[in-house]
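First up is the structure itself, then whatever we jot down about it.
The values are calculated or read from the model by the stated rules, or taken from the named source; none is laboratory data. Please read these numbers as outputs of a predicted model, since none were measured by experiment. Cβ sites come from the backbone with ideal geometry, for glycine too, and all protein chains shown count toward neighbours. SASA here: full protein model, heavy atoms, side chains in, ligands and nucleic acids out. Shrake-Rupley method; radii C 1.70, N 1.55, O 1.52, S 1.80 Å.
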Amino acid sequence: LVRLRARLSRSQNALGKGLLTLLSREHLDEDTWEEIEDTLLTADVGVQPTQELVERLRERVKVLGTRTPDELRTLLREELLQLLVPEFDRTVKTDSNLDTPGIVMVVGVNGTGKTTTTGKLARVLVADGKNVVLGAADTFRAAAADQLQTWGERVGARTVRGPEGGDPASIAFDAVKEGIEEGADVVLIDTAGRLHTKTGLMDELGKVKRVVEKHAPLDEVLLVLDATTGQNGLVQARVFAEVVDITGIVLTKLDGTAKGGIVIAVQRELGVPVKLVGLGEGADDLAPFEPEAFVDALIG
Ligand code: GDP
């Protein structure tokens, strides 16, 4: 975790440092406030949260009068943390029903890191002593099932798969059935995400969800978003939220961007918490999202 934190802070603290430097200027004139706004917008914080934050900062800086660097840091830390909604419950739930395995559906556009995230999550659960079954319901991308199975072998989870181009809902069903029969603790279902046919996606994910829910309650629907795609990620999030009830967000590739503000924007957009973050391609590069640690990494 310490290593991941270091990586996060390396990629992210451009934003926080920039803000602190700007706030430390002797005269906070309109140009400076505009620069602060630009810094936030460039980091993908989003228009509304940026406006709110700047308004709060203006007010608090005015009350403060003379500002010491420590006071500014504390102030900025508090306000950023507030925007990250610290009260959200960010645990990934897998035990809503004790009679059946916990079921987690992983959704998102292809290429965002869905399969990788499913594999990494399996690793975390297996390390936690859980018996995990993987369902390779992404039958659209040719290599997805192989990729998931490789992850399964690596981390010690069984993969249920079907023929290429097969029916995702029936594979999800098989995975859940197998999970129940084996007395597994958790079934993770990797799905396909082709966004260009929204009705197709809606039909497919809806069907997977319905079929699964006939047999066991769904604990989580995790939406995987690529942090490097910025505002585009928000558009994707909106579409998926219309199709299925998202219960949590996984923000991947946060190691490859300084635009950490997307965490704020996407939580705001969907009203659900970022639960996990991807900080690299390796098996251990999935971390719980911790708002306090994140803000500390931002400010440096
Ligand atoms: P899917 O199509 O959504 O299942 O995407 P994949 O899981 O195949 O991931 C697409 C690419 O992104 C792969 O090369 C992954 O190794 C890479 N990837 C996934 N998560 C992360 C992450 O958190 N950080 C980085 N740097 N790369 C990632």
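Before moving on, here are some points about what is shown:
- The number of residues in segment 170-205 that are at pLDDT below 80 and within 15 Å of the ligand (Cβ to nearest atom) comes to 4.
- When every residue of segment 290-298 is checked against the conditions, at least one turns out to be at pLDDT 90 or above, open to solvent by 20 Å² or more (accessible area, probe 1.4 Å) and part of a loop (DSSP other than H, G, I, E, B).
Matching residues to (1) surrounded by fewer than 14 Cβ atoms within 10 Å (Cβ to Cβ); (2) free of Cβ contacts under 8 Å to residues at least 60 places away in the same chain; (3) of a type in the set (Val, Ile, Thr); (4) touching a Pro at 6+ places or on another chain (Cβ under 6 Å):
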position	(1), (2), (3), (4)
Lys62	yes, yes, no, no
Gly65	yes, yes, no, no
Arg73	no, no, no, no
Val85	no, no, yes, no
Arg90	no, no, no, yes
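- Residue in segment 235-255 that is farthest from Lys114 (Cα to Cα), counting only those that are part of a helix (DSSP H, G or I) and open to solvent by 10 Å² or more (accessible area, probe 1.4 Å): Glu242
- The listed residue being more than 16 Å from the chain's Cα centre (by Cα), open to solvent by less than 10 Å² (accessible area, probe 1.4 Å) and in contact (Cβ under 8 Å) with a residue 60 or more places away in the chain, out of Ala216, Ala265: Ala216
- For segment 111-137, a residue qualifies if it is away from the ligand (no atom under 13 Å from the Cβ) and open to solvent by less than 10 Å² (accessible area, probe 1.4 Å), and the qualifying residues are Val132, Val133, Gly135.
- Residue selected from segment 256-271 under the condition in a loop (DSSP other than H, G, I, E, B) and either small (Gly, Ala, Ser) or closer than 17 Å to Lys114 by Cβ (or both), by the criterion modelled with the lowest pLDDT: Ala258
- Counted residues, segment 40-60 - those being open to solvent by 10 Å² or more (accessible area, probe 1.4 Å), among the polar types (S, T, N, Q) and either touching a Phe, Trp or Tyr at 6+ places or on another chain (Cβ under 9 Å) or at pLDDT 90 or above (or both): 2
- With respect to the conditions (1) touching a helix residue (DSSP H, G or I) at 6+ places or on another chain (Cβ under 8 Å); (2) part of a helix (DSSP H, G or I); (3) over 30 Å from Thr21 (Cα atoms); (4) open to solvent by less than 30 Å² (accessible area, probe 1.4 Å), Thr94 falls short on a single one, namely (2).
- Selection status of Glu281, over 18 Å from Asp44 (Cβ atoms), open to solvent by 20 Å² or more (accessible area, probe 1.4 Å), in contact (Cβ under 8 Å) with a residue 12 or more places away in the chain and part of a helix (DSSP H, G or I): no
- Members of segment 95-110 found to be at pLDDT below 95, away from the ligand (no atom under 11 Å from the Cβ) and under 19 Å from the mean Cα position of the chain (by Cα), listed by number: none
- Tally of residues being within 13 Å of the ligand (Cβ to nearest atom) and basic (Lys, Arg) across segment 237-289: 1
- Residue satisfying all of: in segment 138-153; closer than 17 Å to Val109 by Cβ and of a type in the set (S, T, N, Q); farthest from the ligand (Cβ to nearest atom) among these: Thr139
- If the condition is being within 16 Å of the ligand (Cβ to nearest atom) and either more than 24 Å from the chain's Cα centre (by Cα) or within 18 Å of Ile180 (Cα to Cα) (or both), then segment 154-164 contributes Ala157, Thr159, Arg161, Glu164.
- Remark: Val208 matches the filter, which requires a residue to be buried (at least 23 other Cβ atoms within 10 Å of the Cβ), modelled with pLDDT under 95 and assigned to a helix (DSSP H, G or I).
- Failed item, numbered, when Gly108 is tested on (1) at positive phi; (2) in contact with a helix residue (DSSP H, G or I) (Cβ under 7 Å, 6 or more places away or on another chain); (3) open to solvent by 20 Å² or more (accessible area, probe 1.4 Å): (3)
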